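Presented below is the structure to which this report refers.
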Amino acid sequence: MILTDKEIEKSIAEGTILIEPYRADCLGTNSYDVHLGRYLAVYKNHILDAKKHNEIEEIIIPDEGFVIHPGILYLGVTEEYTETHAHVPFLEGKSSVGRLGIDIHATAGKGDVGFCNTWTLEISCSQPVRIYAGMPIGQLIYFEVKGDITNYYNKKQNAKYVNRTIRPVESMMFMNKF
């Protein structure tokens, strides 16, 4: 079941959802709008290796915006830091962003119960488009969880994305054993 606006507000008041900064005007009927942070990143190498640490190069979005291009994966980040202690958060792109030909995630739209951080976005586009820090980029949808949880993301021994940051985080696939 998806939480409604009133249930999101109730969960915030109870402390099971945290959104910083929280702005009431970003609360929709059953979602919360998140915004693009000022940092982007691109991988330094053209060929990436899943078994190695692929380094990124940081880009700061200037006030006049930044043009993204097809064929390049941009890692972005939400302005909002979130914590979700009793629900499964899903991040989806806003329809207005999709209508500009922008995708905000390739595969990682679902968070885990216990996720506490900003969201790294996997941004790609179908044609060049100028983007801006602070623009609405996505919406968080919260699903109820049925049953007890023993393995919260922020308490897992092997959780790779737990260090609080305001910058996008590159793939940590290389930390897996395969």
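Computed from the coordinates by the stated procedures, all read-outs in this text should not be read as laboratory data. Predicted model only: the values in this text are computed from it and were never measured. All Cβ positions, glycine included, derive from the backbone under ideal geometry; neighbour counts span all protein chains shown.
Straight-distance candidates among the lysines for linking to residue 94, with alpha-carbon spacing under 22 Å and chain neighbours fewer than 8 residues away dropped: 6, 110.
Reported to the nearest whole Å, the Cα centre-to-centre distance from the stretch 133-177 to the stretch 29-63 is 15. Taking trypsin sites (Lys or Arg not before Pro) across the stretch 131-170, the ones in a DSSP loop with at most 10 further Cβ atoms lying within 10 angstrom of their Cβ are 146, 164. Across the chain, the longest piece that holds none of the GluC sites (Glu not before Pro) lying in DSSP loops with up to 15 other C-beta atoms within 10 Å covers 65-178. Based on alpha-carbon atoms, the Kirkwood radius and the radius of gyration of the chain give Rg/Rh equal to 0.97. When only DSSP loop residues count, what chymotrypsin sites (Phe, Trp or Tyr not before Pro) in the stretch 1-88 have their Cβ near at most 10 other Cβ atoms within 10 Å? Within the stretch 1-88, no chymotrypsin sites (Phe, Trp or Tyr not before Pro) qualify (loop, at most 10 other Cβ atoms within 10 Å).
With q set to 0.15, 0.17, 0.22, 0.28 Å⁻¹, the log10 of I(q)/I(0) for the stretch 104-178, from the Debye formula over equal scatterers at the Cα positions, is -0.69, -0.86, -1.27, -1.58. Among the trypsin sites (Lys or Arg not before Pro) in the stretch 16-61, those located in a DSSP loop and surrounded by at most 13 other Cβ atoms within 10 Å of their own Cβ are 23, 44, 51, 52. A simple rule links phi to the HN-Hα coupling: the Karplus curve 6.51 cos²θ - 1.76 cosθ + 1.60 with θ = phi - 60°, which for the stretch 105-116 gives 8, 7, 9, 9, x, 9, x, 10, 4, x, 5, 9 Hz, with x for Gly and Pro.
When the listed pairs 10/160; 10/155; 51/155; 44/155; 44/156 are checked against a 28 Å cut-off, the alpha-carbon distance exceeds it for 10/160; 44/155; 44/156.
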